[in-house]
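Working notes, structure below.
The values are calculated or read from the model by the stated rules, or taken from the named source; none is laboratory data. Remember, predicted model here, so these are calculated numbers, not experimental data. Don't worry about glycine lacking a Cβ; one is built from the backbone with ideal geometry, like all the others, and counts go over all protein chains shown. The protein model used for the area step is the full one, side chains on, heavy atoms only, and it has no ligands, DNA or RNA in it. Shrake-Rupley method; radii C 1.70, N 1.55, O 1.52, S 1.80 Å.
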Amino acid sequence: MDPLQPLLDNLHSDGRPRVWSLVITIFGDSVQHRGGRIETARLNKLIARLGIESGALRTALSRLSRDGWVEGQRSGRTSSYTLTPAGLEQAGPATARIYAAPRIGPVVTWCFSTIAQPDALRIAGGWLTPHRRATDGFQICGALGSESAQAVWTNLAPSHVAALEKTASDVRSLEDLTLDPLDALAARTLLIHRWRRLVLRWPEVPAELMPDTFSPGDIHAAVAAAYAHLSPAAESWLDQAIDDTPAMPSAGPGQAKRFATLQTS
């Protein structure tokens, strides 16, 4: 059996994959820390391992070029792509959220506000956030009671719960896997693509607010651990020349810092 099949099935269970979105994930995860440019032949090999046909990749790159996200360059018979300045500007804040480090320990103080807050959990007609910044309007801050976790989980949108469950499924599928370099990079791409879609759309649910029956309970830490496990083999594929495609530039220091600066608030 294909070791990536559970992750591929999970990807396709969402409907037809948005190839342009997968390409953006690849740029953020595998290209930007290696000079920012990838040859089309290498990109095609990776995207093919994800079950995407070359025609769909061409369509996605055309769309991204038209929308100002990427720009192509041709040198003889070789073509390559890079993010545009506008694409980099949009990707920067997202990258910081995607690769934020897991939290150390539980949130000690929470704030409940009646005014909508960014990245807040919706509950009881208001918004719940870790106490880390001043907010406008009325708010109450303090520790959560013993029944709070169940109340928060019950109030999550069904699509938020589904996104958490699919991310957890991907993490569990990667347990105890030893993969060759291309498979490791493909697996890492699918993992971070799933994680990206979760964290850029929904507020984080800290481990202490997750149900006891949910595994892994600390989903952020589990994603970080899976990412660290996959990265040595994944990065080695980017270090290799592939057929007539040369190795990519050496990885910059940013790659080693992903998920590495721990949050405590």
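Set Lys and Arg Cβ to +1 and Asp and Glu Cβ to -1, take the dipole of the stretch 1-150 about its Cα centre, and tell me which of Ile47, Gly125, Thr109 lies farthest positive.
Farthest towards the positive pole: Ile47.
Going by accessible area, probe 1.4 Å, with all protein chains left in place, what is the ranking of Asp212, Asp2, largest first? Don't skip to the end; give the middle numbers.
On the way: Asp212 160, Asp2 45 Å².
So the residues, ranked largest to smallest area, are Asp212, Asp2.
Specify the inter-centroid distance of the stretch 104-133 and the stretch 216-249, based on alpha-carbon positions, in whole Å.
34 Å
Compare Gly51, Gly68, Gly15 in a GNM of the chain, Cα atoms joined below 10 Å, and give the one with the largest fluctuation.
Maximum among the listed residues: Gly15.
Once the dipole of the chain is set up with Lys and Arg at +1 and Asp and Glu at -1 on Cβ about the Cα centre, which of Thr59, Gly217, Asn155 lies farthest towards its positive end?
Thr59
Toward the positive end of the charge dipole of the chain, about the Cα centre and with charges on Cβ (Lys, Arg +1; Asp, Glu -1), which of Thr78, Gln240, Leu179 goes farthest?
Thr78
At a probe size of 1.4 Å, how large is the accessible area of Ser236, to the nearest 10 Å²?
Estimated to the nearest 10 Å², Ser236 gives 30 Å².
First compute the accessible area of the stretch 107-265 with a 1.4 Å probe, then give the percent of it belonging to carbon and sulfur atoms.
Details: 4280 of 7860 Å².
After summing per-atom areas, the C and S share lands at 54 percent.
I need the calculated FRET efficiency for the pair Ile115 and Thr95, taking r as the beta carbon distance and R₀ as 25 Å, to the nearest 0.05.
Details: r = 28 Å, r/R0 = 1.14.
About 0.30, to the nearest 0.05.
At 7 Å along Cα-to-Cβ for each site, give me the label-to-label distance between Arg58 and Ser215 in nm.
Distance between the two pseudo-spin positions: 4.6 nm.
For the stretch 4-60, report the % of Cα-Cα distances exceeding 15 Å. Working shown, then result.
On the way: 780 of 1596 pairs.
Value for the stretch 4-60 (Cα pairs over 15 Å): 49 percent.
Summing Lys, Arg as +1 and Asp, Glu as -1, what charge do residues with Cβ under 10 Å from the Cβ of Arg196 carry, Arg196 excluded?
Numbers: positive: Arg97, Arg194, Arg197, Arg201; negative: Asp29.
That sum, taken over residues with Cβ under 10 Å, equals +3.
Treat each spin label as a single point 7 Å out from the Cα along the C-beta direction, and report the Asp180 to Asn155 distance in nm.
If labels sit at Asp180 and Asn155, their model points lie 5.1 nm apart.
Would you tally the net charge around Thr84, using a Cβ to Cβ cut-off of less than 11 Å, leaving Thr84 out, and scoring K and R as +1, D and E as -1? Could the numbers behind the result be given before it?
On the way: positive: none; negative: Asp67, Glu71, Glu89.
Spelling it out: positives minus negatives among the neighbours equals -3.
State the percent of C-alpha pairs, over all pairs in the stretch 41-144, separated by a distance greater than 18 angstrom. Write out the running numbers ahead of the final one.
On the way: 3605 of 5356 pairs.
Cα-Cα pairs of the stretch 41-144 separated by over 18 Å account for 67 percent.
Only four residue types carry charge here, +1 at the Cβ of Lys and Arg and -1 at the Cβ of Asp and Glu. Report the dipole size of the stretch 42-93 about the Cα centre in Debye, rounded to the nearest 20. Before the final figure, lay out each step's value.
Numbers: 8 positive and 4 negative charges, 66 e Å.
So the dipole magnitude of the stretch 42-93 works out to roughly 320 debye.
Only four residue types carry charge here, +1 at the Cβ of Lys and Arg and -1 at the Cβ of Asp and Glu. Report the dipole size of the chain about the Cα centre in Debye, rounded to the nearest 20.
Numbers: 26 positive and 26 negative charges, 168 e Å.
With only Lys, Arg, Asp and Glu charged at Cβ, the dipole is about 800 debye.
Would you mind getting the accessible area per residue of the chain, heavy atoms of the protein chains only, 1.4 Å probe, in Å²? Display every interim value, and only then the final one.
Details: 13180 Å² over 265 residues.
In whole numbers, the chain has 50 Å² accessible per residue.
So if I place +1 on the C-beta of Lys and Arg and -1 on the C-beta of Asp and Glu, and nothing else carries charge, what would the dipole magnitude of the stretch 15-156 be about its Cα centre? I want it in debye, nearest 20. Walk me through the numbers before you get to the answer.
Values: 17 positive and 9 negative charges, 136 e Å.
In total the dipole reaches around 660 debye.
Let's test the formula: R0 of 45 Å, r as the Cβ-Cβ distance of Ser250 and Ser146. What FRET efficiency results, to the nearest 0.05?
Numbers: r = 51 Å, r/R0 = 1.13.
Given R0 = 45 Å and the Cβ-Cβ separation, E is 0.30.
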